[in-house]
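The next block holds one structure in the form of structure tokens; read it before the comments.
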């Protein structure tokens, strides 16, 4: 391979790496790029509870692998990802309102206006519930500024 081709290939590989790092930071992923710790996002709406998904039923959305408890739930998700995917890339909604990207407890969830919001834990969720409209307004404004940041960048103390 000549130097020119090698440099082009290296540049392409670097741009792919950079874009994947930027892209991956907008969705909260656990091991193996699994979202919501493997919980079924559709079940929050259909069963009003956190239900673990199965590795045999999956769909990919925005670089994240979502697991489902059934093929039917997987198909519902594929038909309307914007409805079922968690807000703020699956990061803690209260954390986003506080300008942070925090992990979530799949059991600490809230559905408002047909949108799924997750929180760090039940104690944080209790704080979130004290002013849902105000927290949502703040979180959506803040998300525009931190969505593309890595977790480390978003959570760095200023």
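With the condition kept exactly as written, say whether any residue in region 39-54 is within 17 Å of residue 26 (Cβ to Cβ) and under 13 Å from the mean Cα position of the chain (by Cα).
Taking region 39-54 and keeping what is within 17 Å of residue 26 (Cβ to Cβ), we get 41.
Now narrow it down to the ones that are under 13 Å from the mean Cα position of the chain (by Cα): 41.
Yes, region 39-54 contains at least one residue that is within 17 Å of residue 26 (Cβ to Cβ) and under 13 Å from the mean Cα position of the chain (by Cα).
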Being touching a helix residue (DSSP H, G or I) at 6+ places or on another chain (Cβ under 7 Å) and within 15 Å of residue 151 (Cβ to Cβ), is that true of even one residue in region 66-83?
no
The strands (runs of 3 or more DSSP E) lying entirely within region 50-157 that contain at least 1 residues which are touching a strand residue (DSSP E or B) at 6+ places or on another chain (Cβ under 6 Å) and touching a residue at least 24 places away in the same chain (Cβ under 8 Å) are 64-68, 105-112, 115-119
Taking residue 108, is it touching a helix residue (DSSP H, G or I) at 6+ places or on another chain (Cβ under 9 Å), under 21 Å from residue 39 (Cα atoms) and at pLDDT 95 or above? yes
Checked 121, 114 against criteria (surrounded by fewer than 19 Cβ atoms within 10 Å (Cβ to Cβ) and on the phi > 0 side of the Ramachandran plot); the one match is 114
Open item on the list: When you check residue 72 against the structure, is it surrounded by fewer than 16 Cβ atoms within 10 Å (Cβ to Cβ) and within 28 Å of residue 154 (Cβ to Cβ), yes or no?
Closed with: no
Checklist entry - In this structure, is residue 10 modelled with pLDDT under 90 and at negative phi? => result yes
Please verify whether residue 26 is at pLDDT 95 or above and outside any helix (DSSP H, G or I), treating the condition exactly as stated. no
Residue hits (region 29-38; in a helix (DSSP H, G or I) and either under 12 Å from the mean Cα position of the chain (by Cα) or closer than 16 Å to residue 87 by Cα (or both)) are 33, 36, 37, 38
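Is it the case that residue 96 is under 15 Å from the mean Cα position of the chain (by Cα), closer than 19 Å to residue 28 by Cα and at pLDDT 95 or above? Outline the logic, then answer.
Details: under 15 Å from the mean Cα position of the chain (by Cα): yes; closer than 19 Å to residue 28 by Cα: yes; at pLDDT 95 or above: yes.
Yes.
The values are calculated or read from the model by the stated rules, or taken from the named source; none is laboratory data. All figures in this text were calculated on a predicted structure; none of them were measured in a lab. No Cβ is skipped: glycine too gets one built from the backbone with ideal geometry, and neighbour counts run over all protein chains shown.
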